[in-house]
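Student: Once you've had a glance at the structure underneath, I'll fire off some questions.
The values are calculated or read from the model by the stated rules, or taken from the named source; none is laboratory data. Since this is a predicted model, take the numbers as computed values, not measurements. Don't worry about glycine lacking a Cβ; one is built from the backbone with ideal geometry, like all the others, and counts go over all protein chains shown.
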Amino acid sequence: MGLINREQILDWLYCDDEARLEELWQRADEVRRDKVGDEVHLRGLVEIGNYCRRQCGYCGINASNKDVERYRVDAETIIECAYQAHGYGYGTVVMQSGEDPGIKAEWLADVIRRIKQETPLAVTLSLGEREDEALAMWREAGADRYLLRFETSNPVLFAAIHPSIDGKPYTPADRFSLLKKVKDLGYEAGSGVMIGIPGQSYQSLADDILLFGEMDLDMIGVGPYIVHPDTPMGRGIGPRPLPGGEQVPGDELMAYKVVALTRLTCPEANIPSTTALASLNYESGRELGLKRGANVVMPNLTPPKYRYLYEIYPAKACIQESTDNFHSKLTGRIEGIGRSVGKGQGCRQHLG
Ligand code: SAH
């Protein structure tokens, strides 16, 4: 059950008074502690490939970007990354990629089976809108969770940043129906939006945040939209910013507000303090997200030689992080804000 209504959400989204915002941070932090506790769950992220068939206007690895060297990580390497995640004490490995039919369903099912047989990890997939048979096969192979952000629930804005690739209209409803499908298959379902997309209004962002609660999502990831110069939107093709103070800024403060408000509409959900947030404030973005509603961090375990090729936006915080170095500091950073590293898989809690 949500703890906040639309009017209150809008009021906070418009609020720039740092002193007053303390109240929002506190409320989100209290609800987080009360509902999901002090543990911070760590999910090791492996970006298993950057081939993509989509033309998303904001994304650096979209199909039309010819300057990107494309890669797929082989099965052995992915499994080594999973072992590494387990070795660090993480409870989950997340495999993410572009929407790539070249990642064959049977091949990935084998990888999932091996990870599930050889480690106690939860397996999360974030592979775009794949076919029903593939989603079912991966679930059968043991995958636990599926992530697909709907990016914005405003159908006009959604269409403006997601050109259709098959001539059919492309709307957020396509993503809602995939999320419903994965839930029916027994996955935990995660979604989320970007904050500050040109053309995104406060009203539509408030709708998104309310929708998270209505959809009863298990995980919600939100982060600022970051311009990538080698994309259509980076070259100025796409929706225009709204005039007259109606445009949502993609800044750090707005990102914290959305994290905190999401905690209030989805008290029990797992909410990451995202890499995009850390990219805006490398020193303390992750901690501030954790103190304002988030309870998950997703350290990047992609092998370094591929990591810089998975450039969905520039200057991703994780590019500068060596996995070992980042890991050895992470526990200290989490404990430094009075929290502990989560044990086990960190599944979504159902508190009834
Ligand atoms: N192909 C997968 C994974 C996409 S990358 C899928 O479609 O689900 C994961 C998320 O990164 C996207 O859902 C999007 O919200 C975010 N992202 C992509 N480009 C971005 C940018 N330029 N700025 C901020 N976030 C971005």
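Student: Could you please find all residues in segment 24-76 being part of a strand (DSSP E or B) and more than 18 Å from the chain's Cα centre (by Cα)?
Tutor: In the first step, residues of segment 24-76 are kept if they are part of a strand (DSSP E or B); the result is 39-49, 72.
Hits for segment 24-76 are E39, R72.
Student: I'd like the full set of residues that are crowded, with 24+ Cβ neighbours inside 10 Å and within 12 Å of the ligand (Cβ to nearest atom), limited to segment 195-207.
Tutor: I195, I197
Student: Same structure, new question: So which of D74, D110 ends up being surrounded by fewer than 18 Cβ atoms within 10 Å (Cβ to Cβ) and either closer than 19 Å to I312 by Cβ or in contact (Cβ under 8 Å) with a residue 24 or more places away in the chain (or both)? Quick ask: steps written out before the conclusion?
Tutor: On the way: D74 fails: either closer than 19 Å to I312 by Cβ or in contact (Cβ under 8 Å) with a residue 24 or more places away in the chain (or both).
So the residue among D74, D110 that is surrounded by fewer than 18 Cβ atoms within 10 Å (Cβ to Cβ) and either closer than 19 Å to I312 by Cβ or in contact (Cβ under 8 Å) with a residue 24 or more places away in the chain (or both) is D110.
Student: Pull up segment 121-178, narrow it to residues that are on the phi > 0 side of the Ramachandran plot and within 15 Å of the ligand (Cβ to nearest atom), then point me to the one that is surrounded by the fewest Cβ atoms within 10 Å (Cβ to Cβ).
Tutor: Initially, segment 121-178 is screened for residues on the phi > 0 side of the Ramachandran plot, giving 128, 142, 151, 167.
Now restrict to residues that are within 15 Å of the ligand (Cβ to nearest atom): 128, 151.
Working: G128: 20, E151: 23.
Once the filter is applied, the top-ranked residue is G128.
Student: Just name the residue that is farthest from the ligand (Cβ to nearest atom) out of those in segment 220-239 that are hydrophobic (A, V, I, L, M, F, W, C) and surrounded by fewer than 23 Cβ atoms within 10 Å (Cβ to Cβ).
Tutor: Applying the first criterion (hydrophobic (A, V, I, L, M, F, W, C)) to segment 220-239 yields 220, 222, 226-227, 233, 237.
Remaining after also requiring surrounded by fewer than 23 Cβ atoms within 10 Å (Cβ to Cβ): 226-227, 233, 237.
Numbers: I226: 4, V227: 7, M233: 8, I237: 14 Å.
Across segment 220-239, the extreme among qualifying residues is I237.
Student: Can I ask one more? Looking at A260, A255 in this structure, which one is touching a residue at least 60 places away in the same chain (Cβ under 8 Å) and under 15 Å from Y202 (Cα atoms)? Give the steps one after another, and end with the answer.
Tutor: On the way: A260 fails: under 15 Å from Y202 (Cα atoms).
Of the residues listed, the single one that is touching a residue at least 60 places away in the same chain (Cβ under 8 Å) and under 15 Å from Y202 (Cα atoms) is A255.
Student: Follow-up question, since we're still on this one. Given G221, G196, G213, which one is of a type in the set (G, A, S), farther than 28 Å from D34 by Cα and at pLDDT 95 or above?
Tutor: Working: G221 fails: farther than 28 Å from D34 by Cα; G213 fails: farther than 28 Å from D34 by Cα.
Result: G196 is the single residue among G221, G196, G213 that is of a type in the set (G, A, S), farther than 28 Å from D34 by Cα and at pLDDT 95 or above.
Student: Another question, if that's okay. Hey, among Y83, Y90, which residue is of a type in the set (S, T, Y), away from the ligand (no atom under 16 Å from the Cβ) and in a helix (DSSP H, G or I)? Step through it out loud before you land on a result.
Tutor: Details: Y90 fails: in a helix (DSSP H, G or I).
Of the residues listed, the single one that is of a type in the set (S, T, Y), away from the ligand (no atom under 16 Å from the Cβ) and in a helix (DSSP H, G or I) is Y83.
Student: If we scan segment 260-271, do we find a residue that is within 16 Å of the ligand (Cβ to nearest atom), closer than 17 Å to R333 by Cβ and assigned to a loop (DSSP other than H, G, I, E, B)?
Tutor: Scanning segment 260-271 turns up no residue that is within 16 Å of the ligand (Cβ to nearest atom), closer than 17 Å to R333 by Cβ and assigned to a loop (DSSP other than H, G, I, E, B).
Student: Out of L253, L290, report the one residue that is crowded, with 20+ Cβ neighbours inside 10 Å, under 30 Å from K329 (Cβ atoms) and more than 16 Å from the ligand (Cβ to nearest atom).
Tutor: Details: L253 fails: crowded, with 20+ Cβ neighbours inside 10 Å.
Criteria check complete, one pass: L290.
Student: When you scan segment 179-192, how many residues do you find that are of a type outside the set (A, V, I, L, M) and more than 15 Å from the ligand (Cβ to nearest atom)?
Tutor: 5
Student: Would you tally the residues in segment 36-77 being more than 16 Å from the ligand (Cβ to nearest atom) and on the phi < 0 side of the Ramachandran plot? Let's see the steps before the verdict.
Tutor: Narrowing segment 36-77 to residues more than 16 Å from the ligand (Cβ to nearest atom): 36-42, 66, 69, 74-77.
Next cut, on the phi < 0 side of the Ramachandran plot only: 36, 38-42, 66, 69, 74-77.
Within segment 36-77, residues that are more than 16 Å from the ligand (Cβ to nearest atom) and on the phi < 0 side of the Ramachandran plot number 12.
Student: Mind checking whether some residue in segment 149-163 is within 17 Å of L217 (Cβ to Cβ) and among the basic types (K, R)? Give the steps one after another, and end with the answer.
Tutor: The first filter runs over segment 149-163 and keeps only residues within 17 Å of L217 (Cβ to Cβ), leaving 149-153.
Among the residues that remain, those that are also among the basic types (K, R) are: 149.
Yes, segment 149-163 has at least one match.
Student: Yes or no: segment 270-282 includes at least one residue that is within 21 Å of D207 (Cα to Cα), out of contact with any Asp or Glu (no Cβ under 6 Å at 6 or more places or on another chain) and surrounded by fewer than 23 Cβ atoms within 10 Å (Cβ to Cβ).
Tutor: No.
Student: Is it the case that I4 is of a type in the set (V, I, T), more than 16 Å from the ligand (Cβ to nearest atom), over 30 Å from L121 (Cβ atoms) and at pLDDT 95 or above?
Tutor: Yes.
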